[in-house]
Amino acid sequence: MTAHHTTHDSRKQLVIIGNGMVGHHCVEQLIERGATEHYCIHVFGEERHHAYDRVHLSEYFSGKDADALALGEPDLHRTHGVELHLGTRISAIDRDAREVVTPEGRLGYDSLIIATGSYPFVPPVPGPDSETHPQARLVYRTLDDLDAIRSHAEHARRGVVIGGGLLGLEAANALKSLGLEAHVVEFAPRLMPVQLDEQGGIALREHIEGLGVGVHTGQATEEIAALTAADDCAYRMHFKGGETLDTDLVVFSAGIRPQDRLARDCGLEIGERGGIVIDDSCRTSDPEIFAIGECALWQGRIFGLVAPGYTMARTVAGCLTGGEERFSGADMSTKLKLLGVDVGSIGDAHGSTEGAKSYRWIDEAGSGYRRLVVSGDGKKVLGAVLVGDNSYYDTLLQYAQNGIDLPENPASLILPQNEGGAPALGADALPDSATICSCHNVTKGAVCQAVDEGCADIAALKIETKASTGCGGCAALLKQVFENELESRGMAVDRSLCEHFAYTRQELYALVRVEGIESFDELLEKHGQGLGCDICKPTIGSILATCWNQPIMDPQNVALQDTNDTFMANMQKNGTYSVMPRVAGGEITPEKLVVLGEVASKYELYTKITGGQRIDLFGAELHQLPDIWEELINAGFETGHAYGKSIRTVKSCVGNTWCRYGVQDSVGMALELEHRYKGLRTPHKIKMGVSGCTRECAEAQGKDIGVIATEAGWNLYVCGNGGMRPRHAELFATDIDSDTLIRYIDRFLMFYVRTADKLQRTSVWRENLEGGLDYLKEVIIDDSLGLGEELESQMKHVIDTYECEWANALGDPEKLKRFRTFVNDKCGDPDIVNVTERGQPRPARADERPESLAVEIPS
Amino acid sequence: MTAANAIRTDDIHELCSTADLVAWSGVVALHQGRQIALFYLPRGRDRRGDAEIFALDNHDPFSGANVIGRGIIGDKGGEPVVASPIYKQHFRLRDGVCLEDDKVRLATFEVRLEGDRVVLFDNA
Ligand code: SRM
Ligand SMILES: Cc1cc2nc3c(=O)[nH]c(=O)nc-3n(C[C@H](O)[C@H](O)[C@H](O)COP(=O)(O)OP(=O)(O)OC[C@H]3O[C@@H](n4cnc5c(N)ncnc54)[C@H](O)[C@@H]3O)c2cc1C
Ligand code: SF4
Ligand code: FES
């Protein structure tokens, strides 16, 4: 790095200190507004990771890794020539020289943005030395903090969190998910004192105690004393008043402090209780220096949420590129799920506005609580508190933010619907200026405009407007507004499968099951119209196959399949097919390998190892398929379903039979799974993987179903995907035995089959599943819908009726009649011409074909 | 097209028998070097009437492969079509016109069902 401006670059130098959520958003905004034309941008981040989603930090413990939490495009900086210095702390700002001090030297700046965020406050409680006892003073802010918690938790039984606010409760949840007995100690008389009122605190406490987390409110910690090896726990916490609590580790979550040291040291104006003072354009007392995010103090306020930080980031990006944005404060309403409990706080939750009146709804039995704060004249919503059910949140927030007039009976807004509650505020009642996504400042008007400009689904809308790509809290509202907009444009939200069936795939699945419909004709007769088409036929073929498992070549099914399923082989670009027998788990005997080789040379097929641990033979003509399969089946092979929307492969690693690290028989499990589910037809293909230990050589976390061996059993991951949009699978259950594993997978697969849309991989299905992973766990693990047995028995039917489709077809001369290139001639297609490359055949390109064949026959 | 009674008998060729056809689907016959895709609708395009048969060139102009006879048949707004199995364009069964690009048209052939025979009227 050079110490001063690079001479050959005439652009100004812009330095950003801090690569957290807000710093990163600022970079994105600068790039979007073309700032790289005028500025050479340097970003410094003390953390070694790319910017990541701190808001969803806790998901690090439920299966997401640093990559999955990373923000934005991985190549963003490189693509746009932004210099990113990770793991690099700025130690000082020299305002006179206009330079920042880095570990490698000094770097000049024309403009500087401080986005250093905040740090966790650890009160000076007397206790053991933190060098030798780090587990007595853990914090919860960065990925590294979470790694430290995870490693200390391995040897711990009990963990205590000091601080019962929003983050403290998240930390307690994390401890619980790591298998510790968790406790929360709060100095105030109630939990979440900032966001909740007294009743709300009581309701939340009941929920949380119900989950087995100890809650100790009104307790001030005076000392943490180390215990001896003879004791059960490592530390004893002494509270003012004499009570004690023993624990193995302590996480402090007693509030955050703005990280303003650099600014302080170089003499910028700092607030009385910390924070870098900024004006409406986010400038500090030095006009060339900006501060944004949690380190900034605006009108005496620090904003500890990401949305206001993003607004500041946009403001600065605007300032530097000639925009006009101003920061004018932000709404601090929040909605979250803490330990599975809905908690919401909107606007003036405490009713501190003069003359404010409140309505309260309390359900002591169910620990539900809702409070609505309205203005003195009873016309507007000022704030609200929700515990136990956030379905009221979106509507209340819109009333509060947009000053919508209250209905005649304001209490109806917080009453359950069946007790005279008002229906949720329809999306059409919102003004165009209503903010739908506060993270990205997207208004209803902007959503409407995007729809006008052609956004036809939520995915497109998210790309176009960025709505719902921050904290995700606005997803439900966005969907509502979107569908409302479509409807109001007369583009009725049409979920029909196609012009022949006015039903969704899910509805058709239910009709087939419930009415016992066994053929396409019958379904078309009863519920459809026309002849059908290339959309509904394969979809319904798949549904019929899942439900009744009839052979795919049976006469009533044959016209439904696309060519791959019809001929049980994959069509290639020249009209020939590939042949892919099952090689379950990737395990194959030498004898069978020889047979594959012999068959391939006999029929002159191109041979390749696939990405799915098996062998594909390419270039067979239609009429050759039965002969090829006859030989393969005689050698003990069966169909590999490479052509179907069905179970593909279960990738395995060698596991504990050979590998020195393996802890379970991963190959054995892969074989069991593949043989159990082979033949199951699904809305889209399904891939699985089983690894013998955490090194994960089978890449199970990139599969629809991933299984990783543990000392105690298996960890199950679900809904991963490679392909076009890779998605990391999520941890679904830990340390389960083989029977439980299989039961969960049975249920999971049948639930997916029942509820997914056509051609929807599990990853996309999961992302559209309301209630997300928690809901899925409830349905599969807790059997909340009481479907468990039914799903298992439906799966059992498929397993019991499995039959190799190729063996079935070979046994029936009628079916074999279809495998003719020409019905009136035994020859093959004369237009198929191969050339040899690397010792194997491949289709000739146009310029390699003999002249005579390239000429079209005139008609 | 000429009237049926003006066709000489040596212009009528038997392609195959009706038993070779597959209901609501396609097969391919070879006739003097031409590949003819035959689509069989046993109850006609409204699924209520008499059997119908359509014949199109088997060559898919989009992929260059001879595969049209292996596409799925169905209808678009009541118009019977076949979808190419490679890149999924739709062609009208009655005149071969491509719905996605009406400049592209597959050759059609005059084919009829006579008893259990499928015959081609070669009026080229
Ligand atoms: C043969 C193979 C490539 C190879 O030479 O290795 C292959 C070939 C095809 N893949 Fe694949 N995929 C093959 C492994 C994969 C993998 C790797 C894996 O399974 O570990 C992936 C990424 C993992 C995943 O699916 O999550 C993969 C992701 C895709 C996708 C993208 C799916 C997605 O969700 O984004 C498609 C397109 C689709 O399904 O819509 C696709 C589609 C196809 C099709 C069916 C495309 C087509 O319509 O012609 C190819 C025809 C297969 C054939 O002719 O036999 N193939 N494909 C692999 C067969 C594996 C097997 O033994 O069954
Ligand atoms: C567990 C958890 C849950 C949360 N949940 C929510 C939520 O649900 N909703 C919500 O709105 N907000 C939530 N937040 C708060 C949200 O994460 C913050 O508001 C947001 O991250 C602030 O962004 P920032 O860029 O200002 O600070 P940060 O994200 O903290 O980034 C600051 C970065 O600057 C770096 N840095 C500091 N000093 C230097 C230096 N001298 N040199 C180089 N780099 C430096 C730091 O290492 C850090 O990476 C949560 C926070 C946590 C920890
Ligand atoms: S995942 Fe584990 S058991 Fe399997 S091969 Fe890798 S190291 Fe060995
Ligand atoms: S409100 Fe956070 S993503 Fe929309």
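Values quoted throughout were computed directly from the atomic coordinates according to the rules given, and no laboratory measurement underlies them. Just so you know, these numbers come straight off a predicted model, no measurement behind them. All Cβ positions, even for glycine, are placed from backbone atoms using ideal geometry, and neighbour counts span all protein chains on display.
Among the lysines, which have Cα under 19 Å from the Cα of A:LYS380 when same-chain residues fewer than 8 positions away are ignored?
Reachable lysines: A:LYS357.
Relative to the longest principal axis of the C-alpha atoms of chain A, give the angle of the C-alpha long axis of helix A:21-32, reported between 0 and 90° and rounded to the nearest 10°.
70
Rounded to the nearest 20 debye, what is the charge dipole size of segment A:121-256 about its Cα centre when +1 sits on each Lys and Arg Cβ and -1 on each Asp and Glu Cβ?
Working: 10 positive and 20 negative charges, 32 e Å.
Dipole magnitude for segment A:121-256 comes out near 160 debye.
Towards the positive end of the charge dipole of chain A, with charges on Cβ (+1 Lys, Arg; -1 Asp, Glu), say which of A:ALA620, A:MET580, A:ILE114 has the farthest Cα.
A:ILE114
Once amide H atoms are built 1.01 Å from N in the peptide plane, which residues 5 or more positions from B:VAL81, or in another chain, come under 5 Å H to H?
B:GLY74, B:ASP75, B:LYS76, B:LEU93
Enumerate the calculated ³J(HN,Hα) couplings along segment B:56-63 in order (Karplus 6.51 cos²θ - 1.76 cosθ + 1.60, θ = phi - 60°), each rounded to whole Hz, writing x wherever the residue is Gly or Pro.
Those phi angles translate into 10, 4, 6, 7, 8, x, 7, 9 Hz.
In whole Hz and in residue order, list the ³J(HN,Hα) couplings for segment A:714-724 that follow from phi through the Karplus curve 6.51 cos²θ - 1.76 cosθ + 1.60, θ = phi - 60°; x for Gly and Pro.
Along segment A:714-724, the couplings run 9, 9, 9, 10, 9, 6, x, 7, x, x, 5 Hz.
Treat every Asp and Glu Cβ in chain A as -1 and every Lys and Arg Cβ as +1, leave all other atoms uncharged, and give the resulting dipole magnitude about the Cα centre to the nearest 20 debye. Don't jump to the answer; show the numbers that get you there.
Numbers: 83 positive and 127 negative charges, 148 e Å.
Roughly 720 debye for chain A.
Aspartates and glutamates near A:LYS758 by alpha-carbon distance under 17 Å, same-chain residues fewer than 8 away left out - which ones?
Here the aspartates and glutamates satisfying the reach criterion relative to A:LYS758 are A:ASP457, A:ASP494, A:GLU499, A:GLU507, A:ASP534, A:ASP562, A:ASP565, A:ASP704, A:GLU767.
Each residue of segment A:697-709 in turn: what ³J(HN,Hα) in whole Hz from Karplus with 6.51, -1.76, 1.60 and θ = phi - 60°, glycine and Pro shown as x?
Taking θ as phi minus 60°, the curve returns 5, 8, 6, 4, 6, x, 10, 4, 10, x, 10, 10, 5 Hz for segment A:697-709.
Under 5 Å between amide H atoms, partner at least 5 residues away or on a different chain: which partners does B:ASN66 have, H built in plane at 1.01 Å?
B:ASP60
What are the semi-axes of the equivalent ellipsoid for the protein assembly as shown, taken as the square roots of 5 times the Cα gyration tensor eigenvalues, largest first, in whole Å?
Values: eigenvalues 739, 210, 193 Å².
Those come to 61, 32, 31 Å.
Straight-line reach from A:LYS444: which lysines have Cα under 17 Å away, leaving out those fewer than 8 places along the same chain?
Here the lysines satisfying the reach criterion relative to A:LYS444 are A:LYS462, A:LYS466, A:LYS479.
Rounding to the nearest 10 and keeping the result within 0 to 90°, find how far the Cα-based axis of helix A:306-320 lies from the longest principal axis of chain A.
Taking Cα atoms only, the helix is inclined about 90 degrees.
Scanning chain A for trypsin sites (Lys or Arg not before Pro) in DSSP loops with at most 10 other Cβ atoms within 10 Å, what's the longest stretch left with none?
On the way: sites that count: A:ARG273, A:ARG660, A:LYS826, A:ARG838, A:ARG845.
Here the longest run is A:274-659.
Identify the GluC sites (Glu not before Pro) of segment A:42-76 meeting these criteria: DSSP loop state and at most 14 other C-beta atoms within 10 Å of the C-beta. Walk me through the numbers before you get to the answer.
Details: sites: A:GLU46, A:GLU47, A:GLU59; in loops: A:GLU46, A:GLU47.
Passing sites in segment A:42-76 do not exist.
If you take the charge dipole of the protein assembly as shown about its Cα centre, with +1 on Lys and Arg Cβ and -1 on Asp and Glu Cβ, which of B:LEU38, A:ILE256, A:SER468 is farthest toward its positive end?
The residue sitting farthest along the positive end of the dipole is B:LEU38.
Using Cα atoms only, what is the angle between the long axis of helix A:536-548 and the major principal axis of chain A, expressed in degrees (0 to 90) to the nearest 10?
90
Just from its helices, what would the mean residue ellipticity at 222 nm be for the protein assembly as shown, if runs of 4 or more DSSP H residues each count -39500 (n - 2.57) and the sum is divided by every residue, rounded to the nearest 500 deg cm²/dmol? List each step's numbers first, then the result.
Working: 27 runs with 254 residues, N = 983.
Calculated mean residue ellipticity at 222 nm is -7500 deg cm²/dmol.
What whole-number volume per residue, in cubic angstrom, does the convex hull of the C-alpha atoms of chain B give?
Numbers: hull volume 14.0 nm³, N = 124.
In chain B, the Cα convex hull volume per residue is 113 Å³.
Which of the GluC sites (Glu not before Pro) across segment A:259-358 are loop residues per DSSP, with 10 or fewer other Cβ within 10 Å?
Working: sites: A:GLU269, A:GLU272, A:GLU288, A:GLU294, A:GLU324, A:GLU325, A:GLU354; in loops: A:GLU269, A:GLU272, A:GLU288, A:GLU324, A:GLU325, A:GLU354.
Those that pass, being in a loop and sparsely packed, are A:GLU272, A:GLU324, A:GLU354.
Considering amide H positions built from the backbone, and no H for Pro or chain starts, which residues 5 or more places from A:ASN570, or on another chain, come under 5 Å of its amide H?
Answer set, sorted by chain and number: A:SER578.
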